[in-house]
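The structure appears below as structure tokens.
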Amino acid sequence: MKPLLAVRDLTTEFAMPGGLVARAVDGVSLDLYPGETLALVGESGSGKTTLALSLLRLIPEPPGRIDPAGRVELDGADILRWDAKALRRVRGGDLAMIFQEPGSSLNPVMTVGSQITETVRAHGQPDRRAARRRALELLADVGISDPDRRLGQYPHQLSGGMQQRVMIAMALAGNPKVLIADEPTTALDVTIQLQILDLLSDLQRRLGLAVLLITHDLGLAARVADRVAVMYAGRIAESAPAARLFDHPQHPYTEALLHAVPRIDRDVARLPVVPGQPPLATQWPTGCRFHPRCRHAWERCRGAEPSLLGTDQEHLARCWLVDEPARRAP
Amino acid sequence: MGLAAVGLLYLIALLAPVLAPYDPAAQLDLVAGRLLPASLAHPLGTDALSRDLLSRLLFGARLSLSIAALAVVVAVTVGTAVGLAAGLAGGVVDAALMRSVDAALAIPRVFLLIVILALWEHGGIAALVLVLGLTGWFGTSRLVRAEVQSLKQRDFVLAARALGLPAWRIALRHILPNATAPIIVSATLGVGNTILIEAALSFLGIGVRPPMPSWGNMIADGQAFLATAPWQAIVPGAAVVLTVMTFSVLGEALRETIDPRTR
């Protein structure tokens with residue numbers, strides 16, 4: 001099967017004060033297939049959000065810069081080469097995105113209705129009344145009751161979960177093929193989180209969406225993802241089908257992350273953590289980027305960075321242990 | 001309350017022809033009716049040319065308030081356009097526009113006005129409005145630019161871009177409406193300030209020129225008689241002070257209610 005969205009060697013850098021360069025995303029390749037959910041997990045600062053914004057060319061340039069050697073192919077066409085007009089059509093068109101904070105992602109001085117119809121009209125439905133009808137349909141689609149009344153309300157009159165539903169409705173206005181969801185539930189209450197996740201899965205089934213779910217929450221990834229890619233220090237550390245990744249993690253970083261998830265059935269005095277600090281994007285460690293925090297690290301890890309290794313193409317890990325399993329520390 | 005007071009002021013100005021007992025330019029009785037004190041026939045007395053002071057004050061209000069309002073409309077329009085352009089474009093455009101504004105702000109406004117109006121002698125009221133407006137937008141442009149710069153970092157602007165909305169639409173429908181609160185506040189304070197400057201210019205004889213009554217030239221007319229008929233200068237002076245205060249009160253009240261940063 002051909003991927004719907006194919007990312008190849010995407011590198012995004014930021015020029016920092018003092019002449020430093022932060023390479024927030026460094027040579028990332030990803031495939032997203034039609035109808036699947038790919039979870040991109042990682043700590044704060046691992047480059048997840050920068051990657052998502054780079055896919056839509058929404059990085060402020062300057063100070064940001066996307067390396068022209070990278071490619072982001074949607075149905076085989078490289079959108080990094082497109083001009084501003086074509087980019088505008090693909091944003092909110094084939095490629096839609098929702099954000100972490102629904103409250104601040106909606107314009108406080110415009111009604112929900114005018115924000116949705118505006119998006120509908122920007123994507124090929126210029127007629128005002130037809131756009132309004134479509135807005136009502138979209139609100140009903142995302143499970144908002146009494147959509148007629150909601151259209152006339154301002155964002156602050158809605159609850160957080162309702163606001164995120166409105167954001168999703170807006171993202172759906174252009175009939176996207178790919179939905180990028182950047183921490184869509186992080187700002188919401190736990191019960192509302194589940195409702196939004198269920199809504200996303202439901203929409204995905206009904207509309208055949210491919211979803212790139214960006215999250216730091218492994219539990220959430222386990223719940224909805226078909227495949228998981230773990231990001232560390234601007235690179236993909238491990239990628240695998242969800243079940244395989246959670247049952248048999250190969251990269252010590254994935255292992256440490258899974259170990260750090262608090263479990264209700266284990267009584268511990270202290271929550272386990274991944275030792276050390278995440279590195280800075282201005283000075284990634286040489287060799288394997290995880291080696292300063294890795295309990296298995298040996299000379300080879302300090303000297304050279306592994307590529308994505310694996311016994312089969314489905315499960316890849318950027319770790320020398322794949323090569324030399326005997327080196328695994330007890 | 002400030003709003004009601006300003007509303008009342010404009011109502012009075014609008015109704016000046018109805019409220020004024022006499023024609024403000026009519027010289028009623030040059031022999032016996034000069035510099036009369038307040039009486040039933042002339043509630044505020046008459047001036048040195050035997051014109052009814054109340055009528056002149058009312059017509060003066062009409063002129064002063066409309067000149068100030070129109071000048072502020074010009075100033076806010078230009079200032080908003082420049083500030084929006086500078087804030088959105090950034091880089092060289094922003095630097096060029098803002099350094100020009102800095103340079104313009106370095107010239108004292110009243111001197112600038114005096115020079116322009118002295119050279120443009122026959123421009124009349126329209127010239128006065130235009131010149132007051134075009135020298136009054138610098139502050140607004142700075143304010144709008146700062147506001148736009150912070151607004152364009154906001155999540156909903158990023159979200160609007162991610163939804164593929166055109167840049168002009170984001171500028172006019174998402175950024176500008178969120179900046180209206182400080183613009184309205186500064187416009188209100190600007191009206192008071194402009195009334196003051198217009199009065200000063202008219203006092204100096206280069207703003208509203210006789211025989212048209214304006215508070216400024218009424219004060220100028222009255223200053224010769226400060227010892228004998230002090231109300232000649234005090235009445236229009238008090239009108240200026242009260243009006244400017246009203247606008248300040250309204251501006252502050254608006255700032256408190258609609259500008260979220262002061263909450």
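Structural remarks
- Residue among B:VAL185, B:VAL148 that alone is away from chain A (no Cβ under 14 Å), out of contact with any Asp or Glu (no Cβ under 9 Å at 6 or more places or on another chain) and among the β-branched types (Val, Ile, Thr): B:VAL148
- The listed residue being among the basic types (Lys, Arg) and within 11 Å of chain B (Cβ to nearest Cβ), out of A:ARG91, A:ARG133, A:ARG65: A:ARG91
- Selection count, the stretch A:284-330, where residues are under 22 Å from A:ALA229 (Cβ atoms) and in a loop (DSSP other than H, G, I, E, B): 17
- Matching residues in the stretch A:136-151 - criterion: being under 18 Å from A:GLY93 (Cα atoms), free of Cβ contacts under 8 Å to residues at least 40 places away in the same chain and away from chain B (no Cβ under 14 Å): A:GLU137, A:LEU139
- Filter pass, A:GLY160 being within 11 Å of chain B (Cβ to nearest Cβ) and modelled with pLDDT under 85: no
- Unmet requirement for A:GLY124, which otherwise passes all of (1) part of a loop (DSSP other than H, G, I, E, B); (2) at the interface with chain B (Cβ under 7 Å from one of its Cβ atoms); (3) not charged (D, E, K, R): (2)
- Residues in the stretch A:111-121 that are open to solvent by less than 70 Å² (accessible area, probe 1.4 Å), assigned to a helix (DSSP H, G or I) and more than 7 Å from chain B (Cβ to nearest Cβ): A:VAL112, A:GLY113, A:SER114, A:GLN115, A:ILE116, A:THR117, A:VAL120.
- Filter result for the condition that a residue is more than 17 Å from the chain's Cα centre (by Cα), at pLDDT 85 or above and buried (at least 20 other Cβ atoms within 10 Å of the Cβ), over B:ALA179, B:ALA220, B:ALA239, B:ALA199: B:ALA179
- Flag for A:ILE59 being of a type in the set (Val, Ile, Thr) and within 13 Å of chain B (Cβ to nearest Cβ): yes
- Residue under evaluation B:LEU163, criteria (1) under 30 Å from B:ALA106 (Cβ atoms); (2) open to solvent by less than 10 Å² (accessible area, probe 1.4 Å); (3) within 13 Å of chain A (Cβ to nearest Cβ), criterion not met: (1)
- Within the stretch A:228-243, the residues that satisfy the criterion of being buried (at least 23 other Cβ atoms within 10 Å of the Cβ) and in contact with a helix residue (DSSP H, G or I) (Cβ under 7 Å, 6 or more places away or on another chain) are A:VAL228, A:VAL230, A:MET231, A:TYR232, A:ALA237, A:GLU238.
- Residue in the stretch A:9-17 that is within 14 Å of another protein chain (Cβ to nearest Cβ), open to solvent by 40 Å² or more (accessible area, probe 1.4 Å) and either within 29 Å of B:ALA167 (Cα to Cα) or at pLDDT 85 or above (or both) present: no
- Elements of type helices (runs of 4 or more DSSP H) in the stretch A:42-110, at least 1 residues being farther than 25 Å from A:PHE290 by Cα and open to solvent by 10 Å² or more (accessible area, probe 1.4 Å): A:84-90, A:102-105
The values are calculated or read from the model by the stated rules, or taken from the named source; none is laboratory data. Quantities reported herein were computed from a predicted structural model and do not represent experimental measurements. Reconstructed Cβ throughout: ideal geometry from the backbone, glycine too, with neighbour counts over all protein chains shown. Only protein heavy atoms, including side chains, enter the accessible area calculation; ligands, DNA and RNA are left aside. Shrake-Rupley method; radii C 1.70, N 1.55, O 1.52, S 1.80 Å.
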